[in-house]
Every structure is written in C-alpha cells, then in structure tokens.
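Written out below as structure tokens is the structure these notes cover.
The values are calculated or read from the model by the stated rules, or taken from the named source; none is laboratory data. All values derive from a computational prediction rather than experimental measurement. Reconstructed Cβ throughout: ideal geometry from the backbone, glycine too, with neighbour counts over all protein chains shown. Side chains included, ligands, DNA and RNA excluded: accessible areas come from the protein's heavy atoms. Shrake-Rupley method; radii C 1.70, N 1.55, O 1.52, S 1.80 Å.
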Amino acid sequence: MMISPTRGAAVLLLVAVSLTGCSADRPASDPHHRHHAAASPRPFAMTQLCIDEASHRYNTDRRGINVADIESFQRSYELRGNTLRDEGFTCTFDEKGAFLHLSMR
C-alpha cells in the first residue's frame, strides 16, 4: 500500500513533535501550557483510530483523511483533521488515550 505524501508528512510531523516535546523549558504545573504529542500515551494508535473514525463518519477512504498534531488540554487529547472536501473534524481522547468522540467542525 502506498502512503500519500501528505500522510507521510503528517506522520513525520507527529514523530518530530513527540521527540522534541521532551525538552520543553516550561514547568509542567503551568495550567495554560498545551502539551503536544510527547505527552500523549499512544500518538500513533490515536492517529490511526481518528483516521478510521473520520473515514467511517464521512464515508470516504482512509487516504482521504488528513490529520494534524495531537494536543493536550484540560485532561484530554485532541487531534484535528480534515477530509479532501475540506470538511473539518476533531477527534477527542481521554487522558489515557481512549477514544471519546469525533466532532464535526
């Protein structure tokens, strides 16, 4: 199976963010600080689950789904994305990385 350049770039971005997030200078107790993929329990699994849920919801192939980075905020994780038709969505996961819901934006 061939990986599209967009999906490959998104995966590389997730890997890069997860590797660089460990060197943040801000204290972890700062309530306004948003953590990126390094704080998430399973960024790759969360990304794949979000793609699966969005492709099902929008009735499109997995290759038609693009996702951005994972952000942590208020004890949950959000992963934003869009379809090839520019339909936006957000996948939300709990603090342990379990899927909660997909919101259409």
Quick check on my filter: what residues within region 43-59 are in contact (Cβ under 8 Å) with a residue 12 or more places away in the chain and open to solvent by 50 Å² or more (accessible area, probe 1.4 Å)? F44, L49, E53, R57
Subset of region 78-105 [under 15 Å from M46 (Cβ atoms) and either open to solvent by less than 20 Å² (accessible area, probe 1.4 Å) or without any contact (Cβ under 8 Å) to a residue 12 or more places away in the chain (or both)]: L79, G81, F89, T90, C91, T92, F93, G97, A98, H101, L102
What residue, among those in region 60-77 that are of a type in the set (S, T, N, Q) and either in contact with a helix residue (DSSP H, G or I) (Cβ under 6 Å, 6 or more places away or on another chain) or on the phi > 0 side of the Ramachandran plot (or both), is surrounded by the fewest Cβ atoms within 10 Å (Cβ to Cβ)? Q74
Looking at the structure I just gave you, is A68 out of contact with any His (no Cβ under 8 Å at 6 or more places or on another chain), in contact (Cβ under 8 Å) with a residue 40 or more places away in the chain and of a type in the set (G, A, S)? yes
